[in-house]
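Here is the structure we will look at, set down as structure tokens.
The values are calculated or read from the model by the stated rules, or taken from the named source; none is laboratory data. Keep in mind the model is a prediction, meaning the values are calculated, not measured. Cβ coordinates were reconstructed from backbone atoms using ideal geometry, including for glycine residues, and neighbour counts include every protein chain displayed.
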2 protein chains.
Amino acid sequence: MTSKQEFIEKLRNSSLRPTKQRINICEVLFNRDKTFHFTINDLFNLVKDETGEKVSLATVYNTVHAFHKKGYLKEIPINSNQTYFDTNVTDHHHFFDVKEEKLIDLKNEDVGPIEIQKSIPGKKIKSVEVLVKLED
Amino acid sequence: MTSKQEFIEKLRNSSLRPTKQRINICEVLFNRDKTFHFTINDLFNLVKDETGEKVSLATVYNTVHAFHKKGYLKEIPINSNQTYFDTNVTDHHHFFDVKEEKLIDLKNEDVGPIEIQKSIPGKKIKSVEVLVKLED
DNA sequence: TCCTTGTTTATAATTATTCTAAAGAAGATT
DNA sequence: AATCTTCTTTAGAATAATTATAAACAAGGA
């Protein structure tokens, strides 16, 4: 069980004051057993449904972006009209069920080590992400 | 050198009549030494610059989508406000230079074999794509 | 040539995202 | 607690990518 104090800490670390709206967003994001994938719109609706209080869309965008910048959320590279985020920020990969448009986590140990045998001068590797598309 | 006849064939295979505009788009897409990455907007401008004739944006969208559906173009999963396509439809991966927002091909043999040790009942793997983000 | 069907185009509509500016809340200082 | 400054929320406007529309036009077959 994540405490409210932890949310406040996360917010302060992200240079955000702990307001009621932002703590509600934290409840939806971090107060759950399993990590999950979401779009801004999903989150916007979940906050309303789960906390019973509404928040403006702009606040959701701002808060999510601040958390992403700080590393509390991970952006999932996928071709979609909407941007997907993940509360699981550890190094891991994804299945994408093309038919159902659903994301499924793929633990890092579920994917063998990935060797990148090419380098670009002056650049270093920041991250390596695998997207496995699924079909029936 | 790719011939006009091949473009016509590609178009017919995609259930598109070989019109002047579409052949111009083919010239830009397929009549080059190296494969390349582009957004719809890039292509829209390249057609104008390289063929000297303009084409409507809607035609570019329609043609690209038909080619993508048929498998003549590959969509690159990347978090960007615009959708990126690739004329290289073989199984391969990408570097993404985050700072310069530039894509670089990564041949399949530049990445060691990728073992997916998890499976989803009723689903099979359609593709496995690696995105390597680069920083300075 | 005529006819049917598919295409192009400019423009409108839609959708995701970002911006703006005014009203309100947080935190520090006294 | 009163006050002050700075940050935040919010609704709505602005922007940008993409998709839909409908009228003028072109392709291909009879």
Could you list, in sequence order, the residues of region A:61-98 that are more than 10 Å from the chain's Cα centre (by Cα) and among the acidic types (Asp, Glu)?
A:Asp91, A:Asp97
Going through B:Thr59, B:Thr63, B:Thr83, B:Thr39 one at a time, which residue ends up being among the polar types (S, T, N, Q) and without any contact (Cβ under 8 Å) to a residue 40 or more places away in the chain?
B:Thr59
Scanning region A:72-98 residue by residue, those at pLDDT below 95, more than 16 Å from DNA strand D (Cβ to nearest atom) and of a type in the set (S, T, N, Q) turn out to be A:Thr90
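Answer yes or no as to whether A:Glu101 is farther than 30 Å from A:Glu135 by Cβ and either at pLDDT below 95 or charged (D, E, K, R) (or both). If you could, list the steps in order and put the result at the bottom.
Details: farther than 30 Å from A:Glu135 by Cβ: no; either at pLDDT below 95 or charged (D, E, K, R) (or both): yes.
No; evaluated as a whole, the condition is false for this residue.
Out of curiosity, is A:Ser14 hydroxyl-bearing (Ser, Thr, Tyr) and away from DNA strand D (no atom under 16 Å from the Cβ)? Explain how you work it out, then say what you get.
Numbers: hydroxyl-bearing (Ser, Thr, Tyr): yes; away from DNA strand D (no atom under 16 Å from the Cβ): no.
For A:Ser14, the condition - hydroxyl-bearing (Ser, Thr, Tyr) and away from DNA strand D (no atom under 16 Å from the Cβ) - is not met.
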Number of the condition not met by B:His37 [criteria: (1) surrounded by 15 or more Cβ atoms within 10 Å (Cβ to Cβ); (2) over 17 Å from the mean Cα position of the chain (by Cα); (3) assigned by TED's automatic domain parsing to the domain that holds B:Pro18]:
(2)
Any residue that is closer than 15 Å to B:Asn24 by Cβ and of a type outside the set (A, V, I, L, M) - is there at least one of those in region B:71-84?
no
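Consider region A:26-71. How many of its residues are within 15 Å of DNA strand D (Cβ to nearest atom), assigned to a loop (DSSP other than H, G, I, E, B) and not acidic (Asp, Glu)? Lay out the reasoning, then the answer.
Restricting attention to region A:26-71, the residues satisfying the condition of being within 15 Å of DNA strand D (Cβ to nearest atom) are A:26-29, A:40-41, A:43-48, A:51-67, A:69-70.
Now restrict to residues that are assigned to a loop (DSSP other than H, G, I, E, B): A:52-56.
Now restrict to residues that are not acidic (Asp, Glu): A:52, A:54-56.
Summing the residues that are within 15 Å of DNA strand D (Cβ to nearest atom), assigned to a loop (DSSP other than H, G, I, E, B) and not acidic (Asp, Glu) in region A:26-71 gives 4.
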Identity of the residue in region B:39-55, under 28 Å from B:Asn79 (Cα atoms) and β-branched (Val, Ile, Thr), that ends up farthest from DNA strand C (Cβ to nearest atom):
B:Thr39
Residue among B:Lys74, B:Lys4 that alone is among the basic types (Lys, Arg), away from DNA strand C (no atom under 13 Å from the Cβ) and closer than 22 Å to A:Asn79 by Cβ:
B:Lys74
Extreme residue, nearest to DNA strand C (Cβ to nearest atom), among residues of region B:10-25 that are over 18 Å from the mean Cα position of the chain (by Cα) and assigned to a helix (DSSP H, G or I)
B:Gln21
Count - residues of region A:78-121 that are among the small types (Gly, Ala, Ser), more than 7 Å from every other protein chain (Cβ to nearest Cβ) and away from DNA strand C (no atom under 16 Å from the Cβ)
1
